[in-house]
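Here is the structure we will look at.
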Amino acid sequence: MRRWIWRIGVVLALVAIGVALRFTVFRPVPMEVQAVAASRGVVEESVTNSRAGTVKARRRAQISPEIGGRAVEIPHREGDQVSQGDVLLRLDPAVLDARTLLSRRELEAARAQHEQACTNARRAQRERDRLSRLAQDGIISTDVLDQAETTVETTRSACEAAAAVVAQAQASIVLQERQSGLTVIRAPFAGIVANLSIEIGEYITPSPPGMPIPPVIDLIDPASVYVGAPMDEVDSARIQPGQPVRLSVDSYPGRTFPGRVLRVAPYVLDREEQNRTVEIEAGFDEIPAGVRLLPGTSADVEVILETRPQVLRIPTPSLLEGNRVLVVANGVLVEKKLTVGLKNWDWTEVRTGLAAGDPVVTSLDRPEVQAGAAVRVRQDVP
């Protein structure tokens, strides 16, 4: 009997030793995972452009002279800030000034001829009146009176024709003076000279009638820049003017600028059958000092459709298919099913399934990271 008791004691001792070894020496080493505690914060739902957008200027003038001529003065160079009315280009006015002087001399001659023609008309009228009285007394024949009538009509027509010549000469002066004024090109608004395609001494050749002269100055109002961007047609119904946006410009990597939706196009562009888009315009709330936004630069628009402050949230990369997450509980991974709300690339709103502070695993790139695995947490900062 004692022998059996002794054997049972030995067996129990061996079992105890085995259990102890299982949980000490042979216990599997917990793998290290990264986790973020579920916390409260802001979650936004947003959409971004489907292709690169472009910085544009609402006030942009590509200026060309209305007449030809040789450039004699260019007060401002590319990149200069100008005020409205500043001279941008002056053409040589010598030829037009000479034409204006010639037109003034022609006007003086036309006025003299007009005065003489009208004097002759008045003299012919007085002579006709005198002969009419003589004809009534039978002193002269009606043939003489008829000839006087003809002279009156002829001289009156000459007076009227001379008046027309005077009017034509006056109009010619107005035209020459206006053309002389066109030799000075002024800034139509305050802005920056973006491009000059002419130098002093170069001649601007007039274009044929009906064809404009190519632009020689590109003037941009930097305060009027905005971003035009194509958005996927599926998002068009949710984008409205006034919604907040975040703008990013390729020339300022890693930096965003707050703004608003200014306009949503009333039609869908179908240039690409598989990628139909709606063009939107987004403006900057403020352009910081020192920031130079050049029209033509690539840019992106993120339209913020909805914002929810102080909601329970987790990093979106921690979300598994089917709105599941892995939570660390007492050193073991536990799977939980969530009900989620708003989400974006960074954060997902949690409505049910988690509590604030629950450590949610974010390092899901290894197949052994699954429910039931023993882990050791390296806590991330959200």
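What follows draws every value from the coordinates through simple rules; no lab data is involved. As the structure is a prediction and not an experimental result, all values here were calculated from the model. Don't worry about glycine lacking a Cβ; one is built from the backbone with ideal geometry, like all the others, and counts go over all protein chains shown.
Sorting 217, 74, 67 from the fewest to the most surrounding beta carbons within 10 angstrom yields 67, 74, 217. What residue among 175, 98, 148 has its Cα farthest toward the positive end of the dipole of the range 94-181, where the charges are +1 on Lys, Arg and -1 on Asp, Glu, each on the Cβ? Comparing the listed Cα positions along the dipole, 98 ranks first.
Grab the Cα-Cα distance for residue 147 and residue 306, subtract it from 0.36 nm times how many residues apart they are, and report the gain in nm with one decimal.
Numbers: separation 159, 0.36 × 159 = 57.24 nm, distance 9.68 nm.
Roughly 47.6 nm would be gained on extension.
Looking at the range 288-377, which GluC sites (Glu not before Pro) are in a loop (DSSP not H, G, I, E or B) and have at most 16 other Cβ atoms within 10 Å?
321, 368
Think of each Lys and Arg Cβ as +1 and each Asp and Glu Cβ as -1; about the Cα centre, that makes the dipole of the chain roughly 2640 debye. In terms of other Cβ atoms within 10 Å, 211, 31, 231 run from fewest to most in the order 211, 31, 231.
The calculated 222 nm mean residue ellipticity attributable to helices in the chain amounts to -10000 deg cm²/dmol, summing -39500 (n - 2.57) over DSSP H runs of n ≥ 4 and dividing by all residues.
Ordering 197, 118, 69 by the projection of their Cα atoms onto the charge dipole of the chain, which places +1 on the Cβ of Lys and Arg and -1 on the Cβ of Asp and Glu, puts 197 at the extreme positive end. The trypsin sites (Lys or Arg not before Pro) of the range 171-270 that meet both conditions, a loop assignment by DSSP and at most 11 other Cβ atoms within 10 Å of the site Cβ, are 255. One chain, two ends: residue 330 and residue 252. Fully extended at 0.36 nm per residue, the span grows by 23.5 nm beyond their Cα-Cα distance.
By the count of other C-beta atoms within 10 Å, a proxy for reagent exposure, 203, 267 are ordered fewest to most as 267, 203. The magnitude of the dipole of the range 94-181, with charges of +1 and -1 set on the Cβ of Lys/Arg and Asp/Glu and taken from the Cα centre, is near 320 debye.
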